[in-house]
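K.L.:
Okay, here's the structure, questions in a sec.
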Amino acid sequence: MNRSRFVLRCVLFAGCLGLGVAAHGPGAEEWRGLAVAPEHRCAPYRSKDYPYPQAVELRIITQMGGRIYGPYTGRYFSSRRMTDIEHVVARSEAHDSGLCRADSATKRDFARDLLNLTLAAPAVNRCGRNGKCAHDAAGWLPPMNQCWFAGRVLEVRRKYRLTVDRREAAALDRVLSGCNSTEMVFMSRPSAPDPPPRVSRPPSRTSRPPSREALRRWDDNGNGRITCKEARRHGIAPVRRGHPAYPFMWDRDGDGIVCE
């Protein structure tokens, strides 16, 4: 096939993504150094196979110059309690893109690799309306820092020799083709800081004080607070406002229900 006919086939069938014959086997396609292949779950996915410590959050903040910042929305946070640790390439997505065949050490390294970690508000990170959940770039792109996001996805996939499917390659290519830089952009800080997270508070002095009996019953580690883990262990979750345990728990969104 001459070059002009190959280019025409690229336009018609590959979206001009730079797909071509790669060294991954006869007829295999490649995009920007990645093998193009459908996602394939060669073994069951278990999140516990991809562990990471909560302490890695401090390393993420240090990497961002001490800022508690969500690059997906350009938002600054006043507390680490307002953010989730976010994997740019989701663990389940990486699993289905080749890591299902990796050993446990590689999976663990992937889960805590700073190259693939950032911060995001829970509503952005988790499943729900407009949430990233475990979508790849074909299903979700951030409102801000798209060039950084697309560049980071490419770096991570190259580092761990992950495959990319055609739809994600097309989505990433559309972003990267318009980028002058893939550096993270820190938006201007708002004039007023973020409000502190809403927490449940004990009743006022005119109200009956919360019973310390709740702590004796459900505060297993004796730290003066009751966690969702403790509540679930004792079978009292979800905990609603008015329950004896509620004053000793953190109601993140202030809706009167904890551990829903």
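The values are calculated or read from the model by the stated rules, or taken from the named source; none is laboratory data. Since the model is a prediction, treat every value here as computed from it, not as a measurement. Cβ coordinates were reconstructed from backbone atoms using ideal geometry, including for glycine residues, and neighbour counts include every protein chain displayed. These area figures cover heavy atoms from the full protein model, side chains too; ligands, DNA and RNA do not enter into them. Shrake-Rupley method; radii C 1.70, N 1.55, O 1.52, S 1.80 Å.
K.L.:
Would it be correct to say that Trp250 is open to solvent by less than 70 Å² (accessible area, probe 1.4 Å) and at pLDDT 65 or above? Talk me through it step by step, then tell me what you get.
P.N.:
Values: open to solvent by less than 70 Å² (accessible area, probe 1.4 Å): no; at pLDDT 65 or above: yes.
Here the answer is no, as Trp250 does not meet what is asked.
K.L.:
For segment 78-99, which residues satisfy the criterion of being surrounded by fewer than 18 Cβ atoms within 10 Å (Cβ to Cβ) and not charged (D, E, K, R)?
P.N.:
If the condition is that a residue be surrounded by fewer than 18 Cβ atoms within 10 Å (Cβ to Cβ) and not charged (D, E, K, R), then Ser78, Ser79 are the ones that fit.
K.L.:
Scan Arg166, Arg108, Arg126 and give me the residue that is in contact (Cβ under 8 Å) with a residue 60 or more places away in the chain and either of a type outside the set (Val, Ile, Thr) or open to solvent by 30 Å² or more (accessible area, probe 1.4 Å) (or both). Lay out the reasoning, then the answer.
P.N.:
Values: Arg108 fails: in contact (Cβ under 8 Å) with a residue 60 or more places away in the chain; Arg126 fails: in contact (Cβ under 8 Å) with a residue 60 or more places away in the chain.
So the residue among Arg166, Arg108, Arg126 that is in contact (Cβ under 8 Å) with a residue 60 or more places away in the chain and either of a type outside the set (Val, Ile, Thr) or open to solvent by 30 Å² or more (accessible area, probe 1.4 Å) (or both) is Arg166.
K.L.:
Can you name the residue in segment 172-218 that is in a loop (DSSP other than H, G, I, E, B), of a type in the set (A, V, I, L, M) and at pLDDT 90 or above and is also most open to solvent (accessible area, probe 1.4 Å) among such residues? Before the answer, list the steps.
P.N.:
So the first thing to find is which residues in segment 172-218 are in a loop (DSSP other than H, G, I, E, B), and the list is 177-212.
Next, only the ones that are of a type in the set (A, V, I, L, M) stay: 184-185, 187, 192, 199.
Restricting the remaining residues to those that are at pLDDT 90 or above gives 184-185, 187.
Values: Met184: 45, Val185: 75, Met187: 58 Å².
So, considering only residues that are in a loop (DSSP other than H, G, I, E, B), of a type in the set (A, V, I, L, M) and at pLDDT 90 or above, the one most open to solvent (accessible area, probe 1.4 Å) is Val185.
K.L.:
Next up: What single numbered condition from (1) within 16 Å of Ser47 (Cα to Cα); (2) in contact with a strand residue (DSSP E or B) (Cβ under 7 Å, 6 or more places away or on another chain); (3) hydrophobic (A, V, I, L, M, F, W, C); (4) assigned to a loop (DSSP other than H, G, I, E, B) fails to hold for Ile85?
P.N.:
Unmet for Ile85, out of (1) within 16 Å of Ser47 (Cα to Cα); (2) in contact with a strand residue (DSSP E or B) (Cβ under 7 Å, 6 or more places away or on another chain); (3) hydrophobic (A, V, I, L, M, F, W, C); (4) assigned to a loop (DSSP other than H, G, I, E, B): (4).
K.L.:
Taking into account only those residues within segment 144-192 that are among the aromatic types (Phe, Trp, Tyr) and over 24 Å from Pro38 (Cβ atoms), which is nearest to the chain's Cα centre (by Cα)?
P.N.:
The initial filter retains those residues of segment 144-192 that are among the aromatic types (Phe, Trp, Tyr), namely 148-149, 160, 186.
Right, trim to over 24 Å from Pro38 (Cβ atoms) and you get 148, 186.
Details: Trp148: 15, Phe186: 18 Å.
The qualifying residue nearest to the chain's Cα centre (by Cα) is Trp148.
K.L.:
I would also like to ask the following. Tally up the residues in segment 125-144 that are of a type in the set (A, V, I, L, M) and either on the phi > 0 side of the Ramachandran plot or touching a Pro at 6+ places or on another chain (Cβ under 8 Å) (or both), please. Even if it seems obvious, please write down each step before you answer.
P.N.:
Restricting attention to segment 125-144, the residues satisfying the condition of being of a type in the set (A, V, I, L, M) are 134, 137-138, 141, 144.
So of that shortlist, the ones also either on the phi > 0 side of the Ramachandran plot or touching a Pro at 6+ places or on another chain (Cβ under 8 Å) (or both) come out as 144.
Counting residues in segment 125-144 that are of a type in the set (A, V, I, L, M) and either on the phi > 0 side of the Ramachandran plot or touching a Pro at 6+ places or on another chain (Cβ under 8 Å) (or both) gives 1.
K.L.:
While we're on this one: Could you tell me whether Glu57 is open to solvent by less than 20 Å² (accessible area, probe 1.4 Å), over 22 Å from Arg158 (Cα atoms) and modelled with pLDDT of 95 or more? Break it down stepwise before answering.
P.N.:
Values: open to solvent by less than 20 Å² (accessible area, probe 1.4 Å): yes; over 22 Å from Arg158 (Cα atoms): yes; modelled with pLDDT of 95 or more: yes.
Yes, satisfied.
K.L.:
Where residues in segment 129-155 are among the charged types (D, E, K, R) and touching an Asp or Glu at 6+ places or on another chain (Cβ under 8 Å), which of them is least open to solvent (accessible area, probe 1.4 Å)?
P.N.:
Initial filter on segment 129-155 (among the charged types (D, E, K, R)): 129, 132, 136, 152, 155.
Remaining after also requiring touching an Asp or Glu at 6+ places or on another chain (Cβ under 8 Å): 132, 136.
Numbers: Lys132: 1, Asp136: 22 Å².
For segment 129-155, the residue satisfying everything is Lys132.
K.L.:
Of the residues in segment 125-159, how many are in a helix (DSSP H, G or I) and either among the basic types (Lys, Arg) or modelled with pLDDT of 95 or more (or both)? Full working, then the answer.
P.N.:
First pass over segment 125-159, keeping only residues in a helix (DSSP H, G or I): 125, 146-159.
Applying the additional criterion that residues be either among the basic types (Lys, Arg) or modelled with pLDDT of 95 or more (or both) yields 146-159.
Adding up the residues that qualify gives 14.
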